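Structure first, commentary second.
The values are calculated or read from the model by the stated rules, or taken from the named source; none is laboratory data. Quick caveat: nothing in here was measured; it's all calculated off a predicted structure. All Cβ positions, glycine included, derive from the backbone under ideal geometry; neighbour counts span all protein chains shown. For the accessible areas, the whole protein counts, side chains as well, though only heavy atoms, and no ligand, DNA or RNA atoms are used. Shrake-Rupley method; radii C 1.70, N 1.55, O 1.52, S 1.80 Å.
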Amino acid sequence: MFHSIEERLKQRAREVGFDLCGIAQAAPTPHYDAYLEWLENGMHAAMGYLARQAALRRSAEALLPGARSVIAVAKNYNQPLPPDAEARVARYALGRDYHKVLRRDLRRLAASLLELAPKARTRICVDSAPTLERDYAQMAGIGWFGKNTCLINSKRGSWFFIGLLLTDVALTPDQPAVGGCGTCRACIDACPTGALVLRDDSPVAWLDSRRCISYLTIEHRGAFTAEQERMLNGWLFGCDACQEVCPFNHPRASQPERATPTAEPDFNPRPAIAQPDLAALTTLSEQEFLALYAGTALMRAGAEGIRRNARALLRRG
């Protein structure tokens, strides 16, 4: 039997489909100054909204005045990729848009909190909300920062999405997650474009978006330069290179739950995404794009972005 509100919330989180759940205080985010430095160095490329919204990312109170607690959850999205696909799409984008899935389940968790605390105020945040969600997830015990900038759970690896539920209810926080990569630099060596920049004063690399395949195939607007086109390395949308080589994403006898497939049916791959037809995508109309990709993460790139990516991959063979 679960007696405390915290225990009940964590049990409810498991019932609605989250793999991990923890609680943090709604304190200022510990990596806010590092985030500002990252912006000052131009690592965000052309994503100007990150700089414009920077002040909102300092604390949960900027998004929910009076916030006292942050409930952090994680949902596994891992699944094997087709070995014979003409081009690759990152695992997280193979099925339904994760924003929709996480928001749906966070609404269910928020409803459970309201049953336990009827006067509670809440706000749901997935990664489109201007907050440093990885900071709160680390503070809540979900995982620690790897050199590849991903949050890593020592038992489960990094194939998971993060969601936050901000609330003005004072909840008992969990212990922050602790861990590290040690001397391993597999992710840095595996990045085909050198987008992970390891600094002497930090155990975590900076991600230079200007050289990141995920940025180029999703957020970059307009034509590619010849150099950018060469960077794609067979990826149509996103990139998993730095996670694929991470030792924490490979099971071993003492940690068999690492890299287990997702149990979320909405993340099951859609054939048109898992097995893209590059030639057909080069002439994709807006209507055809919607028919193939409505409700998926590929909507972020838009029809023109997908056409551009497909043409670049075909040109590079």
Item to check | Number of the exception - Ala93 against (1) open to solvent by less than 30 Å² (accessible area, probe 1.4 Å); (2) modelled with pLDDT under 95 | outcome: (2)
Next on the checklist: So Phe2 ticks every box in (1) open to solvent by less than 70 Å² (accessible area, probe 1.4 Å); (2) modelled with pLDDT under 95 but one. Which box is left unticked?
Outcome noted: (1)
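Tell me, yes or no, whether region 22-44 has at least one residue that is closer than 22 Å to Ile218 by Cβ, free of Cβ contacts under 8 Å to residues at least 60 places away in the same chain and either aliphatic (A, V, I, L, M) or surrounded by 15 or more Cβ atoms within 10 Å (Cβ to Cβ) (or both).
Keep residues of region 22-44 that are closer than 22 Å to Ile218 by Cβ, which gives 35, 38-39, 41-44.
Then drop every residue that is not free of Cβ contacts under 8 Å to residues at least 60 places away in the same chain, which leaves 39.
With either aliphatic (A, V, I, L, M) or surrounded by 15 or more Cβ atoms within 10 Å (Cβ to Cβ) (or both) added as a condition, the list becomes 39.
Yes, some residue in region 22-44 is closer than 22 Å to Ile218 by Cβ, free of Cβ contacts under 8 Å to residues at least 60 places away in the same chain and either aliphatic (A, V, I, L, M) or surrounded by 15 or more Cβ atoms within 10 Å (Cβ to Cβ) (or both).
Might you check whether a residue that is closer than 30 Å to Ala13 by Cα, in contact with a Lys or Arg (Cβ under 9 Å, 6 or more places away or on another chain), surrounded by 14 or more Cβ atoms within 10 Å (Cβ to Cβ) and hydroxyl-bearing (Ser, Thr, Tyr) occurs anywhere in region 276-287? Break it down into steps so the answer makes sense when it comes.
First, the residues of region 276-287 that are closer than 30 Å to Ala13 by Cα: none.
Checking region 276-287: not a single residue is closer than 30 Å to Ala13 by Cα, in contact with a Lys or Arg (Cβ under 9 Å, 6 or more places away or on another chain), surrounded by 14 or more Cβ atoms within 10 Å (Cβ to Cβ) and hydroxyl-bearing (Ser, Thr, Tyr).
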Checklist outcome for this item: Of (1) assigned to a helix (DSSP H, G or I); (2) free of Cβ contacts under 8 Å to residues at least 60 places away in the same chain, Asp135 fails just (2)
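Give, as residue ranges, the helices (runs of 4 or more DSSP H) completely inside region 270-317 that count at least 1 residues that are closer than 26 Å to His99 by Cα and either in contact with a Phe, Trp or Tyr (Cβ under 7 Å, 6 or more places away or on another chain) or free of Cβ contacts under 8 Å to residues at least 12 places away in the same chain (or both). Steps first, please.
Numbers: elements: 271-274, 278-281, 286-293, 302-316.
Output list reads 271-274, 286-293, 302-316.
Within region 5-16, take every residue that is touching a residue at least 24 places away in the same chain (Cβ under 8 Å) and either part of a helix (DSSP H, G or I) or open to solvent by 30 Å² or more (accessible area, probe 1.4 Å) (or both) and give me the one that is nearest to Phe161 (Cα to Cα).
Here the residue is Ala13.
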Checklist outcome for this item: Only one of Arg252, Arg270, Arg300 is more than 14 Å from Asn78 (Cα to Cα), over 23 Å from the mean Cα position of the chain (by Cα) and of a type in the set (Lys, Arg), namely Arg252
Next on the checklist: Just checking, does region 55-76 include any residue being surrounded by fewer than 18 Cβ atoms within 10 Å (Cβ to Cβ), charged (D, E, K, R) and closer than 22 Å to Ile213 by Cα?
Outcome noted: no
